[in-house]
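Note sheet for the following structure.
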Amino acid sequence: MARVRPSSPEGRPELREDDVLLALARMSMDASVRASEDVGGVSPVQLRALTALRQKGEPNLAQLAEDIGITVSTASRLVGRLVGAGWVYRAPSASNRRELSLTLTDTGKRLLHRYDRRRVALLKECLERVPAQRRAAVLAALAELAVP
């Protein structure tokens, strides 16, 4: 397993690559959970569904379920709650009358915008722990991971 050298001369112990990756995952998850609480206690599953809807445009129920890894019946109940909250609009599909098309409402879009802003702010707080002269390099490395 690859080792990661300490980033400072203060004598911090070397970290295994796995430890660094797990810490990065925890940091990202923590930012997401804290941001969800800060925008009104919206559940992470609801935010995941709203984010998938934003990315897909107008998926049907089965597509949404597949995207977020849940069953269609679970997605149906989830969408019912999202519609009830005023974040999602459900209408017959223009291409297939037997399907429902799902879209974000303006309220849902605003909620996701607030959520994204809060997540970015929390992640920037984490980035500030990196010495200023190394931040650009860290961001460049993370940008390589962000490319699908």
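What follows draws every value from the coordinates through simple rules; no lab data is involved. Predicted model, so just to flag it, every value in this text is computed and none were measured. FYI the Cβ positions are ideal-geometry reconstructions off the backbone, even for glycines, and counts take in every protein chain you see.
Here are the numbers for the structure shown:
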read-out: Any hit, region 49-66, residues being in contact (Cβ under 8 Å) with a residue 12 or more places away in the chain, among the charged types (D, E, K, R), out of contact with any strand residue (DSSP E or B) (no Cβ under 9 Å at 6 or more places or on another chain) and in a helix (DSSP H, G or I); value: no
read-out: Number of the condition not met by Arg77 [criteria: (1) over 16 Å from the mean Cα position of the chain (by Cα); (2) surrounded by fewer than 19 Cβ atoms within 10 Å (Cβ to Cβ); (3) in contact (Cβ under 8 Å) with a residue 24 or more places away in the chain]; value: (3)
read-out: Residue satisfying all of: in region 97-114; polar (S, T, N, Q) and in contact (Cβ under 8 Å) with a residue 24 or more places away in the chain; surrounded by the fewest Cβ atoms within 10 Å (Cβ to Cβ) among these; value: Thr103
read-out: Pick from region 36-48, criterion among the hydrophobic types (A, V, I, L, M, F, W, C) and part of a helix (DSSP H, G or I), ranking: farthest from Arg110 (Cα to Cα); value: Val45
